[in-house]
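The values are calculated or read from the model by the stated rules, or taken from the named source; none is laboratory data. Everything numeric here is computed off the predicted structure, so don't read it as measured data. With ideal geometry, Cβ positions are generated from the backbone for all residues, glycine too; neighbour counts draw on all protein chains shown.
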Amino acid sequence: MKQISLFFIFISCRCFSQEADSLQTETIKKNDSAAFVQKKVTTNDIDDIVITGTIKPVSRSKSPVAVEIYSQKFFQKNPTPNIFEAIAMVNGVKPQLNCSVCNTGDIHINGLEGPYTMILIDGMPIVSSLSTVYGLSGIPNSLVDRIEVVKGPASSLYGSEAMGGVINIITKNALTAPRFSVDLMTTSWGENNLDVSTKFKAGNNAASLLSVNYFNFSEKIDQNKDNFTDAALQKRISVFNKWNFQRKENRLASFALRYLYEDRFGGEMQWNKSYRGSNEVYGESIYTNRAEAFGVYQWPLKEQIVTQFSYNFHDQNSFYGANPFDATQKVAFTQTYWNKKFGKHDLIAGITFKRTFYDDNTPGTMAADGITNEPMKSPIWGAFIQDQWEINDKNTLLLGYRFDYDKIHHSVHSPRLAWKFSPNPYHTLRFNFGTGFRVVNLFTEDHAALTGSREVVIQSNLKPERSVNGNLNYIWKIPVGEQIVNLDASAFYTYFSNKIVGDFDTDPDKIIYDNLHGYGISRGASMNIDFSFGFPLSVNMGVTYLDVYQKLEGENEKIRQLHAPKWSGTYSMTYKFPNALTVDFTGQFYGPMRLPVLPNDFRPEYSPWYSLANIQVSKSFKSGFEVYCGIKNLFNFTPKDPLMRPFDPFDKNVDDPVNNPNHYTFDTTYGYAPMQRIRGFLGVKYTLK
């Protein structure tokens with residue numbers, strides 16, 4: 001099956017950042033309790049900070065699309081070695097472990113699976129398809145200046161992966177980054193993480209940032225005594241180099257390179273590399289090589305014309321038990337747009353081109369004759385236009401349309417609408433409506449298709465998914481004395497047709513993929529609230545309700561989506577003592593979620609309520625040093641029986657009528673939370689401004 005990425009109309013007008021480099025902000029005060037940086041507010045002055053939109057800086061309060069902004073300082077309340085773990089602190093965003101052996105994962109937004117979430121780096125679609133399987137854990141937090149999160153229909157910026165939402169990782173600006181920084185952290189489990197970065201100037205108008213991340217976890221731990229590693233062993237190195245240029249009239253110009261190598265393993269405790277690919281001792285071993293290049297250039301013209309570009313190469317050499325999976329992906333992307341103001345109208349028009357090369361050793365790249373290998377080569381052209389109309393001080397309307405074309409699906413039309421109403425500085429209402437389109441490549445998006453535990457069956461020629469979705473967001477700033485309580489509430493609804501689903505229930509030995517003969521629904525609501533007290537305590541809390549299900553034609557029963565809890569939430573509390581000592585208590589809670597059980601499975605079909613909590617104590621010094629320590633998974637929660645029949649991973653004795661009357665098979669997909677129990681961590685940082 002071939003894959004296509006289609007670019008939908010961009011109307012999340014001020015939501016995703018290509019560059020923070022030319023941003024000119026007024027003096028602001030950082031509020032660590034909030035998910036974003038905010039001016040010191042009074043009842044007469046309550047506007048949010050300026051953020052970088054897709055095209056140019058704009059105040060967050062004027063954006064017709066709701067954007068959540070999270071600074072690096074926010075994620076440091078619970079230090080983690082990569083973005084995949086850190087993003088769990090965002091309400092409505094769930095890093096989902098899809099395999100209890102190699103700990104692969106994806107990111108769910110509003111209950112939708114990982115392939116519906118697009119990961120951008122500086123506004124470029126760098127992480128997609130093959131790289132979503134393991135690429136997320138390879139992005140170190142040391143690169144991050146801030147992260148912008150857009151949930152729902154406003155996220156359709158660069159392609160079909162964005163039907164559920166967009167996470168845009170804004171990297172540090174070399175012109176303003178610290179001259180030198182180092183961060184070393186270790187845990188009682190033997191996880192060691194090192195971040196080192198330095199910058200240097202090249203003349204008066206250019207600067208370069210060089211950052212290196214090294215992560216090593218080499219100790220096999222099996223606390224639940226199932227003879228499988230509780231956490232995947234990893235050796236990973238990431239090298240990042242970014243150049244920023246200072247130009248006349250603050251024109252944009254930057255270029256970045258990144259290289260990632262990872263050696264990952266999960267499996268039986270007695271496994272070593274001599275067993276790689278054998279059917280004697282089970283192990284999942286993955287070698288990843290990845291290179292990225294991306295940048296932006298504003299033309300030296302009176303008109304505002306900007307070109308963005310990116311290229312990434314991803315090579316994966318892996319074995320899942322005795323099953324090999326080798327894949328190579330190359331993606332080139334470029335976009336040029338023109339921005340012009342006409343009175344109260346802000347017009348943007350542009351063209352895009354994306355070319356994807358993908359090849360692997362699965363039937364996914366097999367020619368029609370079933371013998372010849374036929375790599376996927378998918379060029380896509382697109383054009384878009386949008387108009388943001390500031391009708392008056394209270395109303396902003398944004399209309400957009402995008403047209404895409406490729407040789408397989410031909411013309412695709414994507415209209416979208418956004419409206420913002422703000423009667424006064426205390427209240428803001430936003431409404432977004434649009435369509436979505438997605439084509440699925442099972443072998444790059446669904447890790448379950450790669451494991452040796454089930455056979456993959458494609459029922460028919462899969463049609464692309466389509467969706468219609470809407471989102472309503474309300475922000476209320478409540479004055480309480482000299483403080484402001486920030487309340488952010490959203491309701492969302494998405495209708496899917498031709499939804500592609502994996503059937504885990506019909507046959508325990510198979511995953512059967514087909515277009516849903518019916519429809520799918522994703523709906524729900526979320527609320528965030530943050531407040532800083534008059535004394536040095538700040539609180540940030542969020543809760544999300546989800547109702548994600550499918551209905552088959554002629555049937556009334558709802559089929560709940562796997563790994564989509566009805567209730568979930570986040571919490572963060574920070575107390576600052578006068579002597580630069582800070583205590584952070586953070587965590588997430590999840591309600592029952594449906595799990596992929598086998599017929600007559602003794603394991604519960606729904607998970608229990610649980611919470612993953614962390615506490616950190618940090619002390620900063622005037623010299624630039626900071627020492628921090630704490631406890632992760634404070635309540636010591638881990639799932640029970642994440643693996644089925646771990647003593648027979650190759651299913652050699654599955655037909656034993658005496659010892660296995662229910663014909664259970666080895667299964668790795670049941671795990672819904674990390675298997676790492678309570679553990680301590682210790683770290684030290686040094687920053688030279």
Of all residues in region 525-547 being within 19 Å of the chain's Cα centre (by Cα) and over 20 Å from residue 614 (Cβ atoms), which is surrounded by the most Cβ atoms within 10 Å (Cβ to Cβ)?
546
Test: residue in region 243-258 that is farther than 30 Å from residue 206 by Cβ and touching a residue at least 40 places away in the same chain (Cβ under 8 Å)
no
Determine if region 531-541 includes at least one residue that is under 23 Å from residue 468 (Cβ atoms), of a type in the set (A, V, I, L, M), out of contact with any Asp or Glu (no Cβ under 9 Å at 6 or more places or on another chain) and modelled with pLDDT under 95.
no
Unique residue being modelled with pLDDT under 95, under 26 Å from the mean Cα position of the chain (by Cα) and surrounded by 15 or more Cβ atoms within 10 Å (Cβ to Cβ) when the list is 670, 664
670
With respect to residue 421, determine if the residue is modelled with pLDDT of 90 or more and not β-branched (Val, Ile, Thr).
yes
Filter region 580-590 for residues that are surrounded by fewer than 18 Cβ atoms within 10 Å (Cβ to Cβ) and touching a residue at least 24 places away in the same chain (Cβ under 8 Å); the one that is farthest from residue 85 (Cα to Cα) is 580
Name the single residue, out of those in region 376-412 being surrounded by 15 or more Cβ atoms within 10 Å (Cβ to Cβ) and either of a type in the set (D, E, K, R) or assigned to a loop (DSSP other than H, G, I, E, B) (or both), that is modelled with the lowest pLDDT.
409
Where in region 586-689 are there strands (runs of 3 or more DSSP E), lying fully within it, with 2 or more residues that are in contact with a Leu (Cβ under 7 Å, 6 or more places away or on another chain)?
610-620, 679-688
Please name all residue pairs, on different chains or six or more residues apart, with Cβ atoms under 6 Å, provided the first residue is in region 262-273 and is under 25 Å from residue 314 (Cα atoms) and the second residue is of a type in the set (D, E, K, R) and surrounded by 22 or more Cβ atoms within 10 Å (Cβ to Cβ).
262/236; 266/284; 267/284
Checking residue 563 against (1) within 20 Å of residue 90 (Cα to Cα); (2) surrounded by fewer than 16 Cβ atoms within 10 Å (Cβ to Cβ): exactly one of these is not met. Which one?
(2)
Region 546-575, subset modelled with pLDDT of 95 or more and touching a Ser or Thr at 6+ places or on another chain (Cβ under 6 Å), residue farthest from residue 630 (Cα to Cα):
568
